[in-house]
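This report refers to the structure that appears directly beneath it.
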Amino acid sequence: MRMRRVLWSLAGVVAVLVAEVCSGAERRILTSLYPIHIATLNIVQGVPGVSVTCLSPPAGGCLHDHQLSVDDMVRLSKSDILIVNGLGAEEFLGDVVDRFPRLKVVTASEGIEPMVSGGEVNSHAWLGVGLHMGQVRKIAKGLAEADPERAARYQANADGYIGRLTVLRDRMLKGLEGVTNRQIVTFHDAFPYFAREFGFVIVSVVQRHPGAEPGAQELKGTIGEIRRRGVGAVFAEPQYPADSARVVAAETGARVVMLDPVVTGPMEADAYLEAMERNLKALRESLTAGGLRADRPGATAR
């Protein structure tokens, strides 16, 4: 009789332990691209039983030519939640996700009014810091729905990160108050949301898509537009060669400013904040008094 009571008691303990393990089952999260990965790292930071992997390579740059590998398919099959940017950024996924019906998909840009540039929906919403706050909220909400046991932790982390993003945005708005010439040329079409939020006007794009070098007539048109409108800067990006931007700048006297579209970088929670702080520094040093002139041989703002 005593042995039976012990066995029942042990069974009860085991049942409790099993229930705890099941309720706290590991959640395997897959993110589609770098800026969404960094946002997700902040939301899950310190939450036990959660793993986060990025589907796209952290040093791959823009994803126009990215193709899924066999390893990617394995990651998709083993994941519980897939967090995507949306707005056409994940064309490389196609209809592959439909093959994994158990995979919960969270779209970070859901509800964002898309900007259209060059006849296409622009996917770089994360470069509008205010919009990126909305993406963080959407990711946290999606994670909470998919994993209610950890919902409070996700929301607390999201609130903390949004607070830091708010401070960043305020710093950028204040730090750019001294920039008087707000007309710019960009290397490729990454910055419409950034330009709208911080009061810049993009008058031309040197290279509509990475890898598609502009022809002589396109360069000539861009140079003419810069001269006519008194453009102050050409934005180049650290992920790509800036030869075309430097040619345009040398012909016009505009400054070359290295701006990071935050599509690559270290897999660290502070990476987005640090990249945008560097962007602020580059803009302030280049577009206010004392910035480098691109008509000086080899001059490039850093």
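The values are calculated or read from the model by the stated rules, or taken from the named source; none is laboratory data. Because the structure is predicted, anything quoted here is derived from the model rather than measured. Note that each Cβ is placed from the backbone with ideal geometry, even for glycine, and that neighbours are counted across all protein chains shown.
Points to keep in mind about this one:
- Close contacts from segment 131-154, counting a first residue that is over 16 Å from Gly86 (Cα atoms) and a second that is part of a helix (DSSP H, G or I) and at pLDDT below 95, with Cβ to Cβ under 6 Å and a gap of 6+ residues or different chains, come to Glu149/Ser23.
- Residue list for segment 165-198, restricted to those being in contact with an Asp or Glu (Cβ under 9 Å, 6 or more places away or on another chain) and more than 12 Å from Phe235 (Cβ to Cβ): Leu168, Arg169, Arg171, Met172, Leu173
- Number of residues in segment 147-171 that are over 20 Å from Ala275 (Cα atoms) and either under 22 Å from the mean Cα position of the chain (by Cα) or at pLDDT below 95 (or both): the value is 5.
- Enumeration of residues in segment 222-232 that are modelled with pLDDT under 85 and in a helix (DSSP H, G or I): none
- Test: residue in segment 154-168 that is surrounded by fewer than 18 Cβ atoms within 10 Å (Cβ to Cβ) and touching a His at 6+ places or on another chain (Cβ under 7 Å): no
- Whichever residue in segment 104-130 is among the aliphatic types (A, V, I, L, M) and in contact (Cβ under 8 Å) with a residue 60 or more places away in the chain and, among such residues, is farthest from Val167 (Cα to Cα): Met115
- For segment 75-96, the tally of residues that are among the hydrophobic types (A, V, I, L, M, F, W, C) and either in contact with a strand residue (DSSP E or B) (Cβ under 7 Å, 6 or more places away or on another chain) or at pLDDT 95 or above (or both) stands at 6.
- Condition met for Pro192 (in the same structural domain as Leu280 (by TED's automatic domain parsing), modelled with pLDDT of 90 or more and of a type outside the set (Phe, Trp, Tyr)): yes
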